[in-house]
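**Student:** One structure follows; several queries about it will come next.
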Amino acid sequence: MSKASIHFFTEDTSYRLKNKTQIKDWIRSAIAEEGYVLRELNFILCSDEYLLRINQDYLQHDTYTDVITFDNAEELKTIVGDIFISIERVQENARVLKLPVAEELCRVMIHGTLHLLGYKDKGKAAKATMTTREDHHLAKLS
């Protein structure tokens, strides 16, 4: 069986992702560890304005955000999704947190993936669980 597909796209940004193969393997491993089957996952790196329009059009939220996840799976425990990430938000977060942009981008990528795996981040307990899972998976990347 061929490897399930993970794709990277850019919209309205010139950002170039490095270490794509390593990131793909890491994401695949995280999904498998969580007990899900990967079918297709698309990461779309974009500008603040591009993601703001998605937030307004699809979620009726008029705010900037770093990540929006769309779950397109039709079967339980299966991953088919699109994760839109604002590179500008990631760069700003990295600056504020004094982290490398690549590290913050990986956190946002796994955050979006965890949403597809059923994790939520609304409320204190859910947010704490999400952060714990992010940290767990990020530790395996390095």
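**Student:** Can you give the convex hull volume of the alpha carbon atoms of segment 42-84 per residue, in Å³? Don't jump to the answer; show the numbers that get you there.
**Tutor:** On the way: hull volume 3.0 nm³, N = 43.
Measuring per residue, one finds 70 Å³ for the Cα hull of segment 42-84.
**Student:** Just to compare against my own numbers: the Cα pair-distance distribution for segment 1-72, 10 Å bins, whole % per bin, please.
**Tutor:** Going from the shortest bin to the longest, the percentages are 17, 42, 32, 9, 0.
**Student:** Test of understanding: in a Gaussian network model of the chain with alpha carbons linked when under 10 Å, which of L97, L114, L41 would top the mean-square fluctuation ranking?
**Tutor:** Result for the chain, Cα springs under 10 Å: L97 fluctuates most.
**Student:** Summing -39500 (n - 2.57) over the DSSP H runs of n ≥ 4 in the chain and dividing by its residue number, what mean residue ellipticity at 222 nm do you reach, to the nearest 500 deg cm²/dmol? Present the calculation step by step, with values, prior to reporting the outcome.
**Tutor:** Working: 5 runs with 71 residues, N = 142.
Calculated mean residue ellipticity at 222 nm is -16000 deg cm²/dmol.
**Student:** With the radius of gyration and the Kirkwood radius both derived from the Cα set of the chain, what is their ratio Rg to Rh? Please list the in-between numbers first.
**Tutor:** Working: Rg = 14.4 Å, Rh = 15.4 Å.
So for the chain, dividing Rg by the Kirkwood Rh gives 0.94.
**Student:** Moving on. Assuming R0 = 25 Å, what is the FRET efficiency of Y58 and K140, from their Cβ-Cβ distance, to the nearest 0.05? Don't jump to the answer; show the numbers that get you there.
**Tutor:** On the way: r = 31 Å, r/R0 = 1.26.
In this case the efficiency is close to 0.20.
**Student:** Ok, one more. Could you tell me which trypsin sites (Lys or Arg not before Pro) in segment 78-142 are loop residues by DSSP with no more than 10 other beta carbons within 10 angstrom of their beta carbon?
**Tutor:** Details: sites: R89, R95, K98, R107, K120, K122, K124, K127, R133, K140; in loops: K98, K120, K122.
Those that pass, being in a loop and sparsely packed, are K98, K122.
**Student:** Determine which lysines satisfy two conditions relative to K127: a Cα distance under 28 Å, and not lying fewer than 8 residues away in the same chain.
**Tutor:** Counting by Cα, and skipping residues close in sequence, K127 has these lysines nearby: K20, K24, K77, K98, K140.
**Student:** Compute the Cα gyration tensor for segment 49-120, then decide on rounded, prolate or oblate, letting a ≥ b ≥ c be the square roots of its eigenvalues: rounded whenever a/c is under 1.5, prolate when a/b is larger than b/c in the other cases, and oblate in all that remain.
**Tutor:** Values: a/c = 2.78, a/b = 1.35, b/c = 2.06.
Because a/c hits 1.5 or more and a/b fails to exceed b/c, segment 49-120 counts as oblate.
Readers should treat all values here as calculations from the given coordinates under stated rules, not as data from a laboratory. Remember, predicted model here, so these are calculated numbers, not experimental data. Don't worry about glycine lacking a Cβ; one is built from the backbone with ideal geometry, like all the others, and counts go over all protein chains shown.
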